[in-house]
Structure formats: structure tokens, C-alpha cells
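Below you'll find the structure, written out as C-alpha cells, and then a few comments.
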Amino acid sequence: MELTRRSAATNLLGLTALGALLSTPLAAADKAAKPAGAHHCLSVYYPWQPDAKFDFDYYRDKHLKMMSELYGSSVGKFQVRKGLRKGDGSSPAFIAALTVEIRSMEAFDAAGKQHLPRLLADLANFSNVTPVGQIEELVG
């Protein structure tokens, strides 16, 4: 099966797919389906697990700073969220979630091809959780 942004998002694949997702340009069909002026973001989710470790200070102050520097003007606002609990009070579905505004998909794709291995190598410095990521279109 050919991995596209759409298939990776639909199948909720793990770290290998996250790498492929961030480093693979949008398929021609995805580009053709994109309405003019569409806004996109990258969402990365870190699933909760009983032994989950996540250093929010390192993530915010070092990892995301590095991503911002490497991806430059292709990205805008970053938003990090810490999972606290589900509505029923049980453990959260995700220990952490990140949303990154994508200002230029083409520049974002180019930066991913060049810099993604460095970002993935940094994962062990702040978490033992395999993230799930997807490119999303803002619709409202």
C-alpha cells in the first residue's frame, strides 16, 4: 500500500508512519482536492500508557524550539496540551498532544525531508511513548 498523508491519518500508524507522513509531500490527488486558501496543521498525539514518561519542559523548551528553527517560516503557532483525564475521570487517551500551524505545505514538506531524522532522534530525550501524527485541514 502506498503511504499518503490520507492513508497515514486514516490508519493511525505509529512512529515509522509519522516519519513518512512528515517527510512525504502531499500526493497529487490530495493537492487537487485541496480548496484554494485551505489551512493545514500537523497534529501529533502521544497515547497514554501506564508507564508513560513525558518531559513537558524539555518538549516545550528544547524539542519544539528545535522544530521551529529547523522548519522556519513554514510553520506558525505551536500548541501543546497535557492530557489530564477522560470525561468519566479515567486516565486520558493521550498524555500529550501537539498542534502546529502549517503556513506553507511545500516548505513544510521540504523541511521534513531534510530535518525529520533529527527530530525523531530527539524523541528519547523527552518520552518513551510512540507518537501518532497526521496532517489535518482546518474546516471551522
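What follows draws every value from the coordinates through simple rules; no lab data is involved. This one's a predicted model, so the numbers in the text were calculated from it and none came from an experiment. Glycine also receives a Cβ, built like all others from the backbone with ideal geometry; neighbour counts cover every protein chain displayed.
Database remark: amide H of His40 closer than 5 angstrom to the amide H of Ile102, Leu138 (H placed geometrically; neighbours at sequence offset of 5 or more, or on other chains; Pro and chain starts carry no H). Within the shell defined by Cβ-Cβ distances under 12 Å, the residues around Asp57 carry a net charge of +2, with Lys and Arg each +1 and Asp and Glu each -1.
So if each residue of separation counts as 0.36 nm, and I subtract the Cα-Cα distance between Ala110 and Leu84, what length gain in nm does that give?
On the way: separation 26, 0.36 × 26 = 9.36 nm, distance 3.48 nm.
That works out to 5.9 nm of additional length.
The eigenvalues of the Cα gyration tensor, multiplied by 5 and square-rooted, give the stretch 35-90 an equivalent ellipsoid with semi-axes of 26, 18, 8 Å from largest to smallest.
Applying the Karplus relation 6.51 cos²θ - 1.76 cosθ + 1.60 with θ = phi - 60° to the stretch 100-107 yields 3J(HN,Hα) values of 10, 5, 9, 8, 9, 5, 5, 5 Hz, where x marks Gly and Pro. Rg over Rh for the stretch 58-123 works out to 1.07, using Cα positions for both radii and the Kirkwood form for Rh. Each peptide among 121-134, 53-66, 92-105 gets the average number of other Cβ atoms lying within 10 Å of its residues, and from highest to lowest they stand as 92-105, 121-134, 53-66. One decimal place: the segment Glu101-Asp122 gains 5.5 nm when fully extended, by the rule 0.36 nm per residue minus the C-alpha distance.
Remark: the Cα gyration tensor places the stretch 85-140 in the oblate category, a/c being 1.5 or greater and a/b not exceeding b/c.
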